Amino acid sequence: MTLKQILKLTEKAAIMEELISLYPECLPYKAELERVINYINETPAFTFEAFEIHIALMDPSVMTDFEDDIDEDAYLVVSGYAREEDMDFTLGFTKWEEWSNAEILIEEDILISNETLAAVCLYEMTVYGYDQETIAREFIAIESGLSAEMFH
């Protein structure tokens, strides 16, 4: 299933309610997030196979250096997986048209509602901004900063 398909099966109000519940810091950006949902709904669906989206559970309590009362509780992790390169990557700078048409694969034993899945994806999609132009500028700034730091 893709994010576009999930959005068609799920009420926008329910997604927004879950998003604000999971990430209260998004409340002031509710209108921007609703515009992102509208944008995704309005873009054409197409078969996209360059990467897939993986949803997994990160449980710090199983790590050897886990410190009770310091480390986080278990949380969902969203990442991309490029099949051709056999490489995991962050999706924060991915074009929304690609993200919304990529297949979503959920780790076994994770029970997740469509509302939660959509909310987690929307949060990750907008971590660098609420429009693709802002995200592209952030990517260039980070890339330029890394290049400058690497060669000085």
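The values are calculated or read from the model by the stated rules, or taken from the named source; none is laboratory data. Keep in mind the model is a prediction, meaning the values are calculated, not measured. Cβ sites come from the backbone with ideal geometry, for glycine too, and all protein chains shown count toward neighbours. Heavy atoms of the whole protein, side chains included, go into the accessibility calculation; ligands, DNA and RNA do not. Shrake-Rupley method; radii C 1.70, N 1.55, O 1.52, S 1.80 Å.
Structure notes:
- Pairs with Cβ under 9 Å, 6+ apart, first in the range 126-138 and part of a loop (DSSP other than H, G, I, E, B), second among the hydrophobic types (A, V, I, L, M, F, W, C) and modelled with pLDDT under 90: TYR128/PHE139; TYR128/ILE142
- Taken over the range 79-127, the residue count meeting the criterion of being at pLDDT below 90 and at positive phi is 1.
- Of residues in the range 2-27 being surrounded by 17 or more Cβ atoms within 10 Å (Cβ to Cβ) and of a type in the set (Val, Ile, Thr), the one nearest to THR90 (Cα to Cα): THR2
- Sub-6 Å Cβ pairs linking a first residue in the range 28-50 that is under 12 Å from LYS12 (Cα atoms) and open to solvent by 30 Å² or more (accessible area, probe 1.4 Å) to a second residue that is of a type in the set (A, V, I, L, M, F, W, C) and assigned to a helix (DSSP H, G or I), at least 6 apart or interchain, are ASN41/LEU7, ordered by first then second residue.
- Against the criterion of being part of a loop (DSSP other than H, G, I, E, B) and of a type in the set (S, T, N, Q), THR116 does not qualify.
- Selection within the range 86-113 - in a loop (DSSP other than H, G, I, E, B), open to solvent by less than 60 Å² (accessible area, probe 1.4 Å) and in contact with a strand residue (DSSP E or B) (Cβ under 9 Å, 6 or more places away or on another chain): LEU91, THR94, ALA102, ILE110, ILE112
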